[in-house]
Amino acid sequence: MMPILHATPDNPIPGNHTAGFFEGVDGKKIRYAIFKSDAPVAKGTVVLLQGRNESIEKYAETIGELTARGLWVATFDWRGQAGSERLLRHPRRGHVRRFADYERDLSIFLEKIVLPDTRLPFFMLAHSMGALIALSQAPLLASRIDRLAVAAPFVALGGQKIGHGMISFLAAAFSLCGLGALPLMRDRGSLPFSENLLTSDAKRFARNKALIDTHPDLALGPPTARWLHETFKAIKRVSSREHLTQIRVPTIVLAPTRDRLVPHLAVETLARNFRAGHMIPIDGARHELLQEADHYRAQAIAAIEAFIPGSTVDVPMMENEDLSA
């Protein structure tokens, strides 16, 4: 029998875990895993939500750190990527029919897997696209999770040859013309470290690249027009003051200041309208905070530890506290 999770020599899978599949919206097969702490009494469970084109395996280092601190971790691959069922005949195209499908899969995961099989209290840690989904669902999460930490939330798109507005227009036009399953850019495969926008850490970049080279089925190519159209609609809704004022879950927003994929100004604007949220700039860091160089990553981990009750550090967060010093 093929293993559900895939290790590489420099990226071992943390032990004491269970893995499997649950049925998402429209019967799609969604891969998940629960990692248990070896501590005699669990301090709670972190629901870990990945970004686009990520996988459970990519977070092995972070999962190991959380379980070492007495926390369980529950996570899953979003539909259409990594080890979950792909949505098109072209498996490398990053696609979704409706953004709400992501949200409904998350609700099913919380109800069918997290609630019966893990330990209270529940916290949520979400990166990029996962952070956008978490923020979209946050008004409904107050009775389910105690605290939410979002890292580099995907609330705008930068680092492209054309601007967010033009990409949004083209994505909408393609979708309305029945061409939503087509990507707006060519598939260049994996980029060399010198061209990547995600991390300044060459060692973690190489580790993640080796994971994809060894297990290419985990990888994803460029997003389709429909994915962009649905995601940009969600960004507009989630970024509105009307939506943000409905969020009651205490939240920290970890904001890397040298993020070329999600412009820092967009995250700052979000934070200004977010009553329940406190922004923590990570000065000099790029988009993938949990895959960044130790200097930046340690600041993000310290903020998460200080914010999530039950961790080894229990310090209240101050509004707009800057951990970059």
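The values are calculated or read from the model by the stated rules, or taken from the named source; none is laboratory data. Just so it is clear, the structure is predicted and the values come from calculations on it, not from any experiment. Because the Cβ atoms are built from the backbone with ideal geometry, glycine has one as well, and the counts that use them run over all protein chains shown.
Which number in (1) closer than 19 Å to ARG241 by Cα; (2) free of Cβ contacts under 8 Å to residues at least 60 places away in the same chain marks the one condition that LEU141 misses?
Answer for LEU141: the failing condition is (2).
In segment 221-246, how many residues are surrounded by 15 or more Cβ atoms within 10 Å (Cβ to Cβ), touching a His at 6+ places or on another chain (Cβ under 7 Å) and part of a helix (DSSP H, G or I)?
The number of residues fulfilling the criteria is 2.
Of all residues in segment 234-264, which are out of contact with any strand residue (DSSP E or B) (no Cβ under 7 Å at 6 or more places or on another chain) and aliphatic (A, V, I, L, M)? Walk me through how you get there before you give the answer.
Within segment 234-264, the subset out of contact with any strand residue (DSSP E or B) (no Cβ under 7 Å at 6 or more places or on another chain) is 234-248, 258-263.
ALA234, ILE235, VAL238, LEU244, ILE247, LEU261, VAL262, listed by residue number.
To keep it simple, each residue is scored yes or no on (1) surrounded by 17 or more Cβ atoms within 10 Å (Cβ to Cβ); (2) free of Cβ contacts under 8 Å to residues at least 60 places away in the same chain; (3) on the phi > 0 side of the Ramachandran plot.
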| residue | (1), (2), (3) |
| --- | --- |
| ARG104 | no, no, no |
| SER128 | yes, no, yes |
| ALA131 | yes, no, no |
| GLN160 | no, yes, no |
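For segment 207-233, which residues satisfy the criterion of being of a type outside the set (A, V, I, L, M) and closer than 19 Å to GLY159 by Cα? Step through it out loud before you land on a result.
We begin by selecting, within segment 207-233, every residue of a type outside the set (A, V, I, L, M); these are 207-209, 213-217, 221-224, 226-227, 229-233.
Those that are of a type outside the set (A, V, I, L, M) and closer than 19 Å to GLY159 by Cα: GLY221, PRO222, PRO223, THR224, TRP227, HIS229, THR231, PHE232.
For segment 135-157, which residues satisfy the criterion of being under 9 Å from the mean Cα position of the chain (by Cα) and either under 14 Å from VAL47 (Cα atoms) or acidic (Asp, Glu) (or both)?
Within segment 135-157, VAL150, ALA151 meet the criteria.
For segment 92-177, list the helices (runs of 4 or more DSSP H) that sit wholly inside it and hold at least 3 residues that are over 20 Å from VAL238 (Cβ atoms); which are they?
Numbers: elements: 99-109, 129-137, 164-176.
Result: 164-176.
Would you tally the residues in segment 275-325 being at pLDDT 95 or above and part of a loop (DSSP other than H, G, I, E, B)?
The qualifying residues number 8.
Taking segment 27-41, which residues are surrounded by 13 or more Cβ atoms within 10 Å (Cβ to Cβ), modelled with pLDDT of 95 or more and not β-branched (Val, Ile, Thr)?
At the first step, the residues of segment 27-41 found to be surrounded by 13 or more Cβ atoms within 10 Å (Cβ to Cβ) are 28-37, 39.
Pick out the ones that are also modelled with pLDDT of 95 or more and you get 28-37.
LYS28, LYS29, ARG31, TYR32, ALA33, PHE35, LYS36, SER37, listed by residue number.
Considering only residues that are over 17 Å from MET129 (Cβ atoms) and either polar (S, T, N, Q) or surrounded by 15 or more Cβ atoms within 10 Å (Cβ to Cβ) (or both), which ones fall in segment 180-192?
The answer is GLY180, ALA181, LEU182, SER190.
For segment 286-304, does any single residue satisfy the condition of being in contact with a Leu (Cβ under 9 Å, 6 or more places away or on another chain), under 20 Å from LEU157 (Cα atoms) and among the polar types (S, T, N, Q)?
Yes; the residues of segment 286-304 include at least one that is in contact with a Leu (Cβ under 9 Å, 6 or more places away or on another chain), under 20 Å from LEU157 (Cα atoms) and among the polar types (S, T, N, Q).
What tally of residues in segment 185-220 results from selecting those that are among the charged types (D, E, K, R), assigned to a helix (DSSP H, G or I) and modelled with pLDDT of 95 or more? Steps first, please.
Narrowing segment 185-220 to residues among the charged types (D, E, K, R): 186-188, 195, 201, 203-204, 207, 209, 213, 217.
Next, only the ones that are assigned to a helix (DSSP H, G or I) stay: 195, 203-204, 207, 209, 213, 217.
Within this subset, residues satisfying the condition of being modelled with pLDDT of 95 or more are 203-204, 207, 209, 213, 217.
The number of residues fulfilling the criteria is 6.
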